[in-house]
Amino acid sequence: MNLKEPLWSKRTESNEPPSPSSSSPRDPESEAAAAAATSAVEELVNSLNKQRIYREVTLALRTGLCDVRAEFSFLRVRGLRFLLKSLRSIAQSDSSITLFSQTQSIPDLQVVPLLFEHSFKETEDEKVGSLDHIFSVEPMKVKSPSTDSEVALALRVLEGCCLLHPESTRLAHQHKAIPVLMNVLSTRGVLEQGACLDALISILLDSSANQMDFEACNGIEEVAELIRDKQVDENLRLKCGEFLLLLIGHVNGRERSPIATIHEEVRRLLGEKSASLIWAASQFGSTLDPEQRLTALHIQARRVLESLDLY
């Protein structure tokens, strides 16, 4: 979905108001009438533009979610790619983000629940309890398991939804998001693990319920185990370092956070020197622009990794 500028919002030479120098002097009543007319036109244009964007957002969601509900993985992958592209387009406009947030209050348009009901659903959950279907006239519905690509895309869509619509973290909690994601982190490949760490950050920030689940699942210990293992892919270890930096930076200054003891856990799991470096590095770049902050995050994560390999 690419949000385009509507034709009616473009001003042309034919509808430009005449300049004061080229027009004859007007009385106050004429000027007031002209101002009122201009204001009415602008309100109409804004209203039409808002309705157009809402139609485009809802159409994009309905199109993508239709495929996400499919029984075959390749169709779900197509739907997830379409949703991810739509979310990236929505993120470019504050008005689109507001309208997207409004759509997530409509059950038929909610994205997060469908991710957990289809792409994140384990095949073990669909074991056949009886053989009655063999003697039935109706064929049994068979759903293909989620591929690595599907899980990675679903994690990216989950991340985007939670960043654009903070209430989606509550929907994720209702579907036991943290246990599901921790299972992905411990059992899936590098592609899914990297996307999983990004999704974890998006659902942990400002969500006490998800933070409590993360603490109960020993989440820090799982991440620490990955970053300590030199046999793990280096890019994934760097991603773990970025995860710890972002999480600790978010927790700092929040005394009532459910994961307020994260400093002690990191010190116990990674050692005093690495923990001190992580704590100091997590204070980086609060005044930097997004691109500079991302570069600083990569650099600090590399230093954390070097400290672990050194000690």
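The values are calculated or read from the model by the stated rules, or taken from the named source; none is laboratory data. This is a predicted model, so every value here is computed, not measured. So basically every Cβ, Gly included, is an ideal-geometry build from the backbone, and we count neighbours across all protein chains shown. Heads up: the accessible areas ignore ligands, DNA and RNA and are worked out on the full protein's heavy atoms, side chains in. Shrake-Rupley method; radii C 1.70, N 1.55, O 1.52, S 1.80 Å.
The residues in segment 142-191 that are farther than 17 Å from Asn210 by Cβ and over 16 Å from the mean Cα position of the chain (by Cα) can be counted, and the count is 14.
Report the residue count in segment 95-113 for those that are among the hydroxyl-bearing types (Ser, Thr, Tyr), closer than 22 Å to His173 by Cβ and either assigned to a helix (DSSP H, G or I) or open to solvent by less than 40 Å² (accessible area, probe 1.4 Å) (or both). Number of matching residues: 2. Taking the stated definitions as given, is Ala60 assigned to a helix (DSSP H, G or I) and more than 20 Å from the chain's Cα centre (by Cα)? In short, no.
From the list Ala34, Ala60, Ala70, the one residue that fits, being farther than 27 Å from Cys161 by Cβ and either at pLDDT 75 or above or open to solvent by less than 90 Å² (accessible area, probe 1.4 Å) (or both), is Ala34. Take the conditions modelled with pLDDT under 95, assigned by the TED database to the domain that holds Ala70 and touching an Asp or Glu at 6+ places or on another chain (Cβ under 8 Å) and apply them to Pro179. Does it pass? Against the criterion (modelled with pLDDT under 95, assigned by the TED database to the domain that holds Ala70 and touching an Asp or Glu at 6+ places or on another chain (Cβ under 8 Å)), Pro179 does not qualify.
Among the conditions (1) assigned by the TED database to the domain that holds His298; (2) of a type in the set (Asp, Glu); (3) open to solvent by 70 Å² or more (accessible area, probe 1.4 Å), the only one that Glu242 does not satisfy is (3). Of everything listed in (1) part of a loop (DSSP other than H, G, I, E, B); (2) surrounded by 11 or more Cβ atoms within 10 Å (Cβ to Cβ); (3) not charged (D, E, K, R), the single unmet condition for Gln92 is (2).
When Asp132 is tested against (1) assigned by the TED database to the domain that holds Ala172; (2) modelled with pLDDT under 90, only condition (1) is not met.
Name the residue that is farthest from Gly241 (Cα to Cα), counting only residues in segment 149-207 that are outside any helix (DSSP H, G or I) and of a type in the set (D, E, K, R). So that I can check it myself, show each step before the final result.
As a first pass, look at segment 149-207 and keep what is outside any helix (DSSP H, G or I): 165-167, 175-176, 188-189, 205-207.
With the extra rule that they be of a type in the set (D, E, K, R), the set shrinks to 167, 176, 188, 206.
Numbers: Glu167: 27, Lys176: 25, Arg188: 19, Asp206: 20 Å.
So, considering only residues that are outside any helix (DSSP H, G or I) and of a type in the set (D, E, K, R), the one farthest from Gly241 (Cα to Cα) is Glu167.
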